[in-house]
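These notes concern the structure reproduced below.
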């Protein structure tokens, strides 16, 4: 019964309290993002991003620093500082990496405030401007909290953002070994270019033997090459938001 209730709550978060925005960039956009920040999302993905001269968004949970998640080592503070110094965006993913379905609006706001303070202390008062929902779970009551703190929030529902979009639950595709075989990346990129839309891709770990939630270095390299060939503008999420909605 709880699974059914959670499913209905996810549907409510998806379809109700929509905060509309028009996504209409002058040309198609791609944003690359990494959730939780497993260590390999920086040590393996960082050099690929640098090789291509593109910036990504890293969604951080302060509570995961120096620990393990999905049995993988997570980022250390020096990794967060290095990716920030390299010009990548740091976004918010709650402090504890917890589903918004389990939190009241007040509890969610407290988690976001704790994460904001944790990041600001380590990144010279840096303020995070975008949010990604842990597990893609968007509780209906969470949208107003996200709207009060961030430019936009990103979910995990497949799709290209084009025309009318919910700024607190943007669509995305998963750079995940469990999902990639089901995508036609060439078509997704081509459709993004043709519609002048915004494609957001999210992943986790990056290695030659990724978890179901991660990808191989070649997968990351491939989507960047496809995007460049299609003349997509590759930008972190906050920068892409401003371009897409100006």
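What follows draws every value from the coordinates through simple rules; no lab data is involved. Quick caveat, the model's predicted, so the values are computed rather than measured. A quick note on method: Cβ atoms are made from the backbone with ideal geometry, for glycine too, and the neighbour counts reach across all protein chains shown.
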Hey, residue 65 within 17 Å of residue 33 (Cβ to Cβ) and either surrounded by fewer than 18 Cβ atoms within 10 Å (Cβ to Cβ) or touching a residue at least 12 places away in the same chain (Cβ under 8 Å) (or both) or not: no
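Please enumerate the residues belonging to region 215-246 that are in a loop (DSSP other than H, G, I, E, B) and under 20 Å from residue 180 (Cβ atoms).
Here is the first cut: in region 215-246, the ones in a loop (DSSP other than H, G, I, E, B) are 216, 230-232, 235-236, 246.
Scanning region 215-246 gives 216, 230, 232.
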Answer residue from region 85-103, given it is farther than 17 Å from residue 135 by Cα and out of contact with any helix residue (DSSP H, G or I) (no Cβ under 9 Å at 6 or more places or on another chain) and is surrounded by the most Cβ atoms within 10 Å (Cβ to Cβ) among those: 87
Within region 187-214, tally of residues that are over 18 Å from residue 233 (Cβ atoms) and part of a helix (DSSP H, G or I): 1
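Quick check on my filter: what residues within region 34-53 are under 17 Å from residue 77 (Cβ atoms) and not in a strand (DSSP E or B)? First the steps, then the outcome.
Within region 34-53, the first condition is being under 17 Å from residue 77 (Cβ atoms), and the residues that meet it are 34, 36-43, 46.
Passing the criteria: 37, 39, 40, 41, 42, 43, 46.
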Tally, over region 1-23, of residues that are under 20 Å from the mean Cα position of the chain (by Cα) and in a loop (DSSP other than H, G, I, E, B): 2
Tally of residues being over 16 Å from the mean Cα position of the chain (by Cα), buried (at least 21 other Cβ atoms within 10 Å of the Cβ) and more than 21 Å from residue 66 (Cα to Cα) across region 109-142: 2
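Could you list, in sequence order, the residues of region 150-165 that are more than 23 Å from residue 127 (Cβ to Cβ) and in contact with a strand residue (DSSP E or B) (Cβ under 8 Å, 6 or more places away or on another chain)? Full working, then the answer.
Start the filter on region 150-165 by keeping residues that are more than 23 Å from residue 127 (Cβ to Cβ), which leaves 156-165.
Selection gives 156, 158, 159, 160, 161, 162, 163, 164, 165.
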Of all residues making up region 18-29, the number that are buried (at least 23 other Cβ atoms within 10 Å of the Cβ) and farther than 13 Å from residue 242 by Cα: 1
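Does residue 44 satisfy the criteria of being surrounded by fewer than 21 Cβ atoms within 10 Å (Cβ to Cβ) and either free of Cβ contacts under 8 Å to residues at least 40 places away in the same chain or out of contact with any helix residue (DSSP H, G or I) (no Cβ under 8 Å at 6 or more places or on another chain) (or both)?
Details: surrounded by fewer than 21 Cβ atoms within 10 Å (Cβ to Cβ): yes; either free of Cβ contacts under 8 Å to residues at least 40 places away in the same chain or out of contact with any helix residue (DSSP H, G or I) (no Cβ under 8 Å at 6 or more places or on another chain) (or both): no.
The answer is no for residue 44.
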Scan of region 87-130 for residues that are closer than 17 Å to residue 9 by Cβ and in a helix (DSSP H, G or I), ordered by number: 100, 101, 102, 105, 107, 108
